[in-house]
Amino acid sequence: MPVTKETLAEIALSEEEYARIVVLLGREPNPVELGMFGALWSEHCGYKNSRPLLKLFPMEGERVLVRAGEENAGAIDIGDGRAVVMKIESHNHPSAIEPYEGAATGVGGIVRDIFAMGAFPIALMNSLRFGSLSDPRNRYLFQGVVSGISGYGNCLGIPNVGGEVVFADGYSGNPLVNAMCVGLLEPGRRLVRAQAGEPGNLLILVGADTGRDGIHGASGLASTTDPTAKELRSAVQVGNPFLEKLLIEACLELAMHDWLVGMQDLGAAGLTSAVTECAARSGRGYELDVLQAPRRAAGMTPYEVMLSESQERMLVVVRPGDEGRVQAIFAKWDLHAAVIGRTTDDGMARIKEGDRVVAEVPIAALTTPPQYRRQGVKPLGMEDLQVYNISALPDLAEGLERVEREPVPGLRQPCTDAEDLLLRLLAAPNIASKAAVYRQYDHQVLDNTVIPPGHDAAVLRVKGTRRGLALTTDGNGRLCFLDPYQGGMIAVAEAARNLSCVGATPIALTDCLNFGNPERPQVYYQLEECISGMAAACRALGVPVVSGNVSLYNETGGAAISPTPIVGMLGLLEDVERRCGMGFRDAGDLIVLLGNSVTGSNLEGNPDLVYDPDDVDPWHLGGSEYLSLIHHLVAGRPRLDLEAEVRLQRVVREAVQQGIVKSAHDCSDGGLAVALAESCVAGGVGIAEWVAPVAGRVDGVLFGERQSRAVVSLAPDRLPALEELAQREGVPFDLLGTVGGDRLRIGDYVDLPLSRIREVWSTALERALG
């Protein structure tokens, strides 16, 4: 074989794939051609291990304007001639090497995907995963990533309105950095396509100069199982947010003109991907001269120019004669616009360096990577974890003193077991306030944010209408580790539940699938099962998948991360004034638990609460934060009843939209006790009286993470209306107590000052960071 294994490994091609390229070309590829194949056949660009599975997702819907995979992002009709463009994407591997630049350029890349379609970026979100903060390396990664996100996003003037941060040992050295952007198309503005149009059209490279940064970012860095390798440091891109701000303005001005044929972001694989994909969509070929690309480094080879992933660059396609118009617009914003080539009708990708042809391959070959449909194998030990007898663990009343405890900072007097455990959970980095993160982000710029970070979902007004947009991200790697199918369903269901709690109807989903090496049967099993579970939940909830990204090979030292599908979801409020927050509001209001209750007040005659005597975890402690933090155990089998979930969300949405409830909060991490504490802190008011009986396991009632539940509060005179809604949908309904005072009271088990809860919860993450 004329190329070495080291060369193929550098561009993440196998020997079999190389042999396939030789057959397609009828000859050996030269180095430039081989680099182009490596980039476009990478998992990041070609989806060769995931595309067959992605077909399981529902992608159609009455609001869908652009389906998943058709363009840079998905597009959804929100009425009145307006559309939302949305996508989430990973920058995990670059962030593991250079956390600041990796995260910053992740933001820059996802923003370009949005304005490349002519939409004005109106919001950012992110979903982050790190190892334990007790490790200095993880603290370094965490602080670098958050600084990179804020440093780039704040300079662009795009509000970062929320997201999530999770810490677990499985992400040590391999952080997950998933960035989401949402854009708005106003009436009269068209969706711009990434297309080449007719033969003879001009290819114009606009924005930043081309350098050597980011080479092999798509092929090598995103397809390696050792993301910390020092030799890959040059594959991390370097961003300039101030230049991107100019690029946004220039491209959106350009998008207003009907003589613009197409526009595409230069992201993964740089010029190779941008030009080839545009040509492929139009059934064309292209010819370009690398000498015409403005450069910031001397002596760059054609290979480097074609595979550079230098940031803040776009490809613009126009008809001959219109190039002067493009150059005039970009000159106004102090940006260059260089004609580098033209489209052809021969279906070939022809790269020249002056008069010398340095690569010439069929576009059809470049854009048809092999597709692998593998056979997954259930991971060893998964079944044992799923049937672990959690009921045999000691309950609070059975002497939890046998469990090793750690002091909770800020406690000034002895507590009961339940109080101590609640405070420990509230101090856990996964549950504690993330204000230390999101206060670094500007979430009020553009003046549209009406529900800020720190709630179940962010809400933005759509100016010029009564409508609002709700945004959230969600995912739980621990649940997917225990049961990928159920965990995948829960990721979708909880994202939709978050939207329902603010009063929004879920209308579209974008996903980022973060997994290990798919060539390993156990990892492929997790990937396939998660996607299948997500697809089932999408169908049940009526939410189409409109865009997304797959990040595989997330492994360090031969160990894969927990399977972590991240869901970014969009909801629509017809009247943004009917939105709902999570905080309790007025003394005397009633507190109600909607959904599959475990308080014991409606055990009799409730089919949801007739437990199988052989069930080893009837209180849904499996996979919970409580079980991990207190018992140092990840075990159990998460469960979700999709029909019950659909009914619950319908009740919550209607109760919010009809003005029946004053607050609504998803009951998830940490269980019921944590949800109540969060609603108290958010509203600045406690629980004056608790009326519901606590039956069965105390830790199960307080900290079990049974799905399909929400805590709401309402005026006493609205209770009959809520009860009628719940009965109509067959949703369990528990009256828990009343709002009031400055203490959190839960039966005979918790009676804590709200000031102490707030202190522990609001300062824990900063303490963990030292």
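The values are calculated or read from the model by the stated rules, or taken from the named source; none is laboratory data. Because the structure is a prediction, the values reported are computed rather than measured. Glycine gets a Cβ as well: all are built from the backbone with ideal geometry, and neighbour counts include every protein chain shown. Remember, those area values only see protein heavy atoms, side chains included, never the ligands or the DNA or RNA. Shrake-Rupley method; radii C 1.70, N 1.55, O 1.52, S 1.80 Å.
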³J(HN,Hα) across segment 191-203 via Karplus (A = 6.51, B = -1.76, C = 1.60, θ = phi - 60°), whole Hz, x for Gly/Pro?
-> 6, 8, 9, 8, 9, 9, x, 7, x, x, 5, 8, 9
Trypsin sites (Lys or Arg not before Pro) within segment 52-96: DSSP coil, no more than 15 neighbouring Cβ in 10 Å = K55
Does a label point 7 Å from the Cα of D395, set along Cα-to-beta-carbon, have any residues of segment 616-657 with amide nitrogen under 12 Å, and which are they?
-> 618-619
In whole angstrom, and with the biggest value first, how far do the Cα coordinates of the chain range along each principal axis?
-> 84, 56, 45
List the residues whose amide H sits under 5 Å from the amide H of D511, counting only those 5 or more places along or on another chain, with H placed 1.01 Å from N in the peptide plane.
-> I88, S547, G548, N549, G568
In degrees, nearest ten, helix 642-657 long axis to first principal axis of the chain (Cα) | 80 degrees
Accessible surface, segment 96-211, averaged per residue in Å² (probe 1.4 Å) = 23 Å²
Taking amide H positions as placed 1.01 Å from N in the peptide plane, with prolines and chain starts having none, which residues 5 or more places from R313, or on another chain, fall under 5 Å of its amide H?
-> A208, L266
What net charge do the residues around G548 carry, taking every other residue with its C-beta under 15 Å from that of G548, with Lys and Arg at +1 and Asp and Glu at -1?
-> -3
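Tell me, what is the percent relative contact order of the chain, built from C-alpha pairs under 8 Å that lie six or more residues apart?
15 percent
Applying 1/(1 + (r/R0)^6) with R0 = 56 Å to the Cβ-Cβ distance of A9 and R325, what FRET efficiency is obtained, to the nearest 0.05?
E between A9 and R325, to the nearest 0.05, is 0.80.
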Å³ per residue enclosed by the Cα convex hull of segment 452-513 | 93 Å³
With Cα coordinates, the longest principal axis of the chain makes an angle with the long axis of helix 719-729, in degrees rounded to 10, of 60 degrees
Total charge of the residues flanking D742 in space, meaning their Cβ is under 14 Å from its Cβ, with Lys and Arg +1 and Asp and Glu -1, is +1
How large is Rg over Rh for segment 455-555, taking Rg from the Cα atoms and Rh as the Kirkwood inverse mean of 1/r across Cα pairs?
-> 1.04
The FRET efficiency for A715 and D742, from their Cβ-Cβ distance with R0 = 35 Å and rounded to 0.05, is 0.95
Which GluC sites (Glu not before Pro) in segment 7-88 pass both tests, a DSSP loop state and at most 15 other beta-carbon atoms within 10 Å?
-> E60, E62
Could you run the Debye sum over the Cα atoms of segment 282-366, one equal point scatterer each and no solvent, and tell me log10 of I(q)/I(0) at q = 0.15, 0.21 Å⁻¹, two decimals?
-> -0.64, -1.17
Accessible area per residue, 1.4 Å probe, Å², for segment 506-558: what's the number?
-> 22 Å²
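As a quick test, which of the pairs K5/K55; K87/K434; K87/K463 have an alpha carbon distance above 29 angstrom in this structure?
K5/K55
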If you take the beta carbon distance between H336 and R190 as r and set R0 to 41 Å, what does 1/(1 + (r/R0)^6) give as a FRET efficiency, to the nearest 0.05?
-> 0.95
Among bridges DSSP assigns within the chain, what percent are antiparallel (round to 5)?
-> 85 percent
Each residue of segment 555-560 in turn: what ³J(HN,Hα) in whole Hz from Karplus with 6.51, -1.76, 1.60 and θ = phi - 60°, glycine and Pro shown as x?
-> 9, 9, x, x, 10, 7
Spelling it out for T344: with amide H atoms placed in the peptide plane at 1.01 Å from N, the residues 5 or more places away or on another chain with amide H under 5 Å from its amide H are G200, G285, Y286, E287
Can you give the angle from 0 to 90° between the axis of helix 241-255 and the longest principal axis of the chain, with both taken from C-alpha atoms, to the nearest 10?
-> 70 degrees
Quick one: Cα centre-to-centre distance for segment 160-196 and segment 1-70, in angstrom?
-> 23 Å
Ordered by residue, what ³J(HN,Hα) values in Hz, to whole numbers, does segment 87-92 give under the Karplus form 6.51 cos²θ - 1.76 cosθ + 1.60, where θ = phi - 60° and Gly and Pro are x?
-> 6, 10, 8, 9, 9, 5
Determine, at each q value in 0.10, 0.15, 0.18, 0.24 (inverse angstroms), the log₁₀ of I(q)/I(0) that the Debye formula gives when each Cα of segment 50-152 is one equal point scatterer.
-> -0.38, -0.74, -0.92, -1.19
